[in-house]
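Peer 1: Below: one structure in structure tokens.
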């Protein structure tokens, strides 16, 4: 049986998830065209069964959302899955050219490095709100890593001459190398620093 190549270009052979907590939540089952068409949307934890490359493309389609505010327009991305997939494919190709490795392995390492382990919530005692450090659920860790990577790439390219392919490739490579140039790594360190001071 022939090995399935995602984007008809790369295989998933030899790619493993080193972070044991994220193994069930980082799906590496390759799809030639990573587009499920929201087939699992009604199922609980359906995101965890979706190929990680498709999840990155889906996050790219709503990159303007930050918190509960729409901090930039992502209207030119919204609903355009093919455009998002093309951007991801080009970004992975550029990441492969930079690091000379399987781009899926680079993406998996980037997600592992930029997934925060702790975050801060507010609890209320007698009308006063206090920050409290809590562990982050593994599925949320993957979500936050992907969101921060796509938002970081979006900020670098919004109203600038930088292309989104280059910005996303740079974000993925920087996160894979745990570099502070990556928005996702910077956000993770900031979040964990806040959590450490709230214990």
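The values are calculated or read from the model by the stated rules, or taken from the named source; none is laboratory data. Quick caveat: nothing in here was measured; it's all calculated off a predicted structure. All Cβ positions, even for glycine, are placed from backbone atoms using ideal geometry, and neighbour counts span all protein chains on display.
Peer 1: When you check residue 84 against the structure, is it within 15 Å of residue 147 (Cβ to Cβ), surrounded by 18 or more Cβ atoms within 10 Å (Cβ to Cβ) and at pLDDT below 90, yes or no? Spell out how you get there, then give the answer.
Peer 2: Numbers: within 15 Å of residue 147 (Cβ to Cβ): yes; surrounded by 18 or more Cβ atoms within 10 Å (Cβ to Cβ): yes; at pLDDT below 90: yes.
Spelling it out, residue 84 is indeed within 15 Å of residue 147 (Cβ to Cβ), surrounded by 18 or more Cβ atoms within 10 Å (Cβ to Cβ) and at pLDDT below 90.
Peer 1: Exactly one of these conditions fails for residue 179: (1) over 16 Å from the mean Cα position of the chain (by Cα); (2) modelled with pLDDT under 90. Give me its number.
Peer 2: The one condition residue 179 does not meet is (1).
Peer 1: Right, residue 74: over 19 Å from residue 182 (Cβ atoms), buried (at least 18 other Cβ atoms within 10 Å of the Cβ) and either touching a strand residue (DSSP E or B) at 6+ places or on another chain (Cβ under 8 Å) or at pLDDT 90 or above (or both) or not?
Peer 2: It is true that residue 74 is over 19 Å from residue 182 (Cβ atoms), buried (at least 18 other Cβ atoms within 10 Å of the Cβ) and either touching a strand residue (DSSP E or B) at 6+ places or on another chain (Cβ under 8 Å) or at pLDDT 90 or above (or both).
Peer 1: Of all residues in region 115-127, count the ones that are in contact with a helix residue (DSSP H, G or I) (Cβ under 6 Å, 6 or more places away or on another chain) and not in a strand (DSSP E or B).
Peer 2: Matching residues across region 115-127 total 2.
Peer 1: Here's something else I'd like to know. Within region 34-45, how many residues are touching a residue at least 24 places away in the same chain (Cβ under 8 Å), out of contact with any strand residue (DSSP E or B) (no Cβ under 8 Å at 6 or more places or on another chain) and surrounded by 11 or more Cβ atoms within 10 Å (Cβ to Cβ)?
Peer 2: Result for region 34-45: 1.
Peer 1: For region 44-59, state whether one or more residues are part of a loop (DSSP other than H, G, I, E, B) and modelled with pLDDT under 80.
Peer 2: The answer is yes, given that some residue of region 44-59 is part of a loop (DSSP other than H, G, I, E, B) and modelled with pLDDT under 80.
Peer 1: Can you tell me which of 186, 195 is modelled with pLDDT of 90 or more, within 19 Å of the chain's Cα centre (by Cα) and either buried (at least 16 other Cβ atoms within 10 Å of the Cβ) or assigned to a loop (DSSP other than H, G, I, E, B) (or both)?
Peer 2: Selected residue: 186, the only one of 186, 195 that is modelled with pLDDT of 90 or more, within 19 Å of the chain's Cα centre (by Cα) and either buried (at least 16 other Cβ atoms within 10 Å of the Cβ) or assigned to a loop (DSSP other than H, G, I, E, B) (or both).
Peer 1: Does region 145-160 include one or more residues that are over 23 Å from residue 15 (Cβ atoms), part of a helix (DSSP H, G or I) and without any contact (Cβ under 8 Å) to a residue 12 or more places away in the chain?
Peer 2: yes
Peer 1: Answer yes if at least one residue in region 23-36 is modelled with pLDDT of 85 or more and in a loop (DSSP other than H, G, I, E, B), and no otherwise.
Peer 2: Yes: region 23-36 contains one or more residues that are modelled with pLDDT of 85 or more and in a loop (DSSP other than H, G, I, E, B).
Peer 1: For residue 130, all conditions in the list (1) part of a helix (DSSP H, G or I); (2) within 21 Å of residue 198 (Cβ to Cβ) hold save one; what is the number of the exception?
Peer 2: Every condition holds for residue 130 apart from (1).
Peer 1: Continuing with this model, one more query. Can you find a residue that is exposed (fewer than 13 other Cβ atoms within 10 Å of the Cβ) and touching a helix residue (DSSP H, G or I) at 6+ places or on another chain (Cβ under 9 Å) anywhere in region 95-105?
Peer 2: Yes, region 95-105 has at least one match.
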